[in-house]
Amino acid sequence: MMNLPKILRILVLCCAIGQMASCASTAGSSRRSGISPDELKTRLQTVLGNSELSQAAIGINIVSLRNDKTLFQSNSNRLFIPASNAKLLTAVSALKTLGQDFRFETGLYLSEGFHVSGDTLYSDIFLKGGGDPEFYTEELSELVHQLKRFETQYIAGDIVADDTLFDDVRLGPGWMWDDVQYDYSAQISALSINRNSVEVVVVPGTGSDTPIQSYFLPRNSFMQSDIEATTVSADTPDSVRLPLRVMRDWRKKSNVITISGQLSADADTIRAIRSVENPTLYAGTLLRDLLQEAGMTTLGTIRLGATGEDAIRVAFHKSEPLPSAIEFILKDSDNLASELLIKTMGLRVVGKPGTLYSGLQIARRAMAAAGIDTLLYRQVDGSGLSTYNLISPRLLTSGLRYAYGDPDIRDPILAGLPIAGLDGTLKNRLASLALARNIRAKTGTMGMSGVSCLSGYANIGSDEPLAFSIMVNHYIGSSRAARQVQDDICRILAEYGSPKKLARQ
């Protein structure tokens with residue numbers, strides 16, 4: 001559940017953004033910039049000419065939000081793999097379709113004819129998922145706490161994990177088959193919990209030649225570990241020590257985590273996050289574990305199934321309003337949350353079950369309403385994890401321009417985007433712009449696919465805010481050079497909105 005500081009932070013950001021946008025909309029027609037439009041073009045061309053990306057494809061589009069004038073473009077109509085920049089389309093579509101007040105709901109139900117006799121509750125326990133991307137063990141514990149009012153020690157029935165609001169397609173088209181064990185490729189389920197992942201904590205053993213020690217967070221009976229790794233003395237050279245590996249046996253669709261290699265006796269705690277196979281059953285198992293901790297033993301099995309129409313809801317959890325999930329998608333670039341939003345749109349508009357196909361239909365409808373030609377781009381998932389996605393810098397800035405013109409969309413988007421030098425995926429970039437908060441933008445990276453993108457807003461609150469998209473594809477090796485070009489361009493855009501020159505950092 002979102003804590004109070006996070007709620008206040010979102011409210012403060014939204015209020016501040018609304019004030020800045022209002023100031024910008026009432027500003028005079030003359031602009032007070034540090035550099036002229038002509039100098040802007042010259043300096044941007046210099047950055048592109050000096051980059052180490054001569055073999056890469058680079059597309060740029062920069063638009064004034066004061067007059068919709070294009071200030072700079074290069075390959076702006078060319079199609080690029082957007083990576084997580086696709087989340088911008090998902091976020092805008094979700095806000096347009098579901099509205100800021102939308103909340104996800106997860107419920108705990110009992111069978112219609114349940115009854116209590118002595119210390120036993122006679123009923124199946126249904127845990128019905130509502131696609132909440134921010135549902136964690138803490139929220140599930142709250143549901144269990146509400147069930148304690150029956151004051152029973154035993155539950156004579158099964159735990160039924162219900163994910164039927166969505167279809168059972170767990171992965172997106174074009175996702176890398178060898179990435180499925182990692183949390184950024186977590187399986188999609190209407191009954192999702194803890195991002196459908198577990199944290200594997202590894203520490204050295206009690207001495208040299210002893211097995212390492214490990215445990216899972218949250219603690220659960222669903223995952224198993226196979227420890228093959230050993231502890232070696234602290235003076236063992238790195239060149240000799242076998243690297244430590246934490247791997248889920250995804251080929252066999254197993255939930256066994258194998259830890260192999262060697263760990264130095266003086267090593268710090270190592271933490272690795274791995275996805276789970278069958279997240280719906282994972283949620284049901286966590287429910288059983290929590291019931292046991294609360295003193296309620298279940299006598300039946302854990303199974304998948306649907307909650308009957310006559311089932312009686314005895315506990316429920318409602319998420320924070322939709323802007324919280326939008327922030328999770330944009331600042332943290334969470335892929336699972338994006339996919340859950342897409343299927344939720346399909347569920348709410350087209351009907352049960354929510355599917356990727358129906359959700360993308362609704363997303364395209366929202367983009368068409370924004371004046372964007374949906375035949376000029378391809379979006380096949382909500383997160384951008386697929387390499388099948390293709391979009392141009394011009395279309396991304398069109399989406400950003402549309403979002404900026406609608407306060408119900410603009411405020412959550414601006415509050416949710418990473419702020420350069422301060423938070424999210426831009427926390428460690430563009431430190432010189434942190435104080436002014438000049439840049440709010442979505443990153444998008446695929447390391448092995450040669451993709452690095454940055455799209456968002458510059459100089460919000462000035463008399464000439466900008467929307468921009470910088471997309472780099474088809475490079476080999478590190479994304480360092482691509483990010484350098486993006487950061488250099490952002491510094492120039494910040495100068496365009498301020499007479500004060502910014503030191504390069």
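Numerical summary
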{"quantity": "Test item: Cα-centred dipole of the chain, Lys/Arg +1 and Asp/Glu -1 on Cβ, debye", "calculated": "2080"}
{"quantity": "Three-way shape call for the stretch 387-505 based on the alpha-carbon gyration tensor, with the a/c threshold at 1.5", "calculated": "oblate"}
{"quantity": "For the chain, share of DSSP beta bridges that run antiparallel, in % to the nearest 5", "calculated": "75"}
{"quantity": "Estimated FRET transfer efficiency (N75, D238; beta-carbon r; R0 30 Å; 0.05)", "calculated": "0.10"}
{"quantity": "Table column - 3J(HN,Hα) (Hz), the stretch 460-473, Karplus curve with 6.51, -1.76, 1.60, x for Gly and Pro", "calculated": "5, x, 7, 7, 9, x, 10, 10, 9, 9, 10, 10, 10, 10"}
{"quantity": "Relative counts (whole %) of C-alpha pair distances in the stretch 104-319, using bins that are 10 Å wide", "calculated": "8, 30, 28, 19, 11, 3, 0"}
{"quantity": "Residue-wise HN-Hα coupling along the stretch 340-357, computed from phi with Karplus coefficients 6.51, -1.76, 1.60 (Hz; x: Gly, Pro)", "calculated": "5, 5, 4, 5, 5, 4, x, 4, 6, 9, 8, x, 6, x, x, 10, 4, 4"}
{"quantity": "Nitroxide proxy distance, nm - points 7 Å out along Cα→Cβ at D226 and N428", "calculated": "3.3"}
{"quantity": "DSSP beta bridge pairing in the stretch 104-319, given as percent antiparallel to the nearest 5", "calculated": "60"}
{"quantity": "Those trypsin sites (Lys or Arg not before Pro) in the stretch 55-116 that DSSP places in a loop and that have at most 16 other beta carbons within 10 Å", "calculated": "R66, K69, R78, R103"}
{"quantity": "Computed lengthening from H145 to T269, 0.36 nm per intervening residue step minus Cα-Cα distance", "calculated": "41.4 nm"}
{"quantity": "Label-point gap, in nm, between S478 and K252 - each point 7 angstrom along Cα→Cβ", "calculated": "3.9"}
{"quantity": "K41 versus A57: modelled label distance in nm, points set 7 Å from Cα along the beta carbon direction", "calculated": "2.5"}
{"quantity": "Structure-derived Rg and Dmax of the Cα atoms in Å - corresponding label in (1) 25.0, 83; (2) 30.3, 106; (3) 23.6, 70", "calculated": "(1)"}
{"quantity": "Once exposed loop GluC sites (Glu not before Pro) are cut out (DSSP; at most 16 other Cβ, 10 Å), longest piece of the chain", "calculated": "310-505"}
{"quantity": "Trypsin sites (Lys or Arg not before Pro) restricted to the stretch 240-312 and DSSP loop, no more than 11 other C-beta within 10 Å", "calculated": "K253"}
{"quantity": "Low-density loop positions, trypsin sites (Lys or Arg not before Pro), the stretch 410-505 - DSSP coil, at most 12 other Cβ in 10 Å", "calculated": "K500, K501, R504"}
{"quantity": "Span per principal axis, largest first, for the Cα atoms of the stretch 104-177 (Å)", "calculated": "54, 23, 21"}
{"quantity": "Sequence-distant residues sharing a close amide H with D226 (under 5 Å, placed H)", "calculated": "I257, T258, I259"}
{"quantity": "Distant-in-sequence amide H partners of T297 (H built 1.01 Å from N, under 5 Å)", "calculated": "Y154, I155"}
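Read-outs throughout are calculated quantities, based only on the coordinates presented, and are distinct from any laboratory measurement. Since the structure is predicted, the reported quantities are computational estimates derived from the model, not experimental observations. For neighbour counting, all protein chains shown are included, and Cβ atoms are generated from backbone atoms with ideal geometry for every residue, glycine included.
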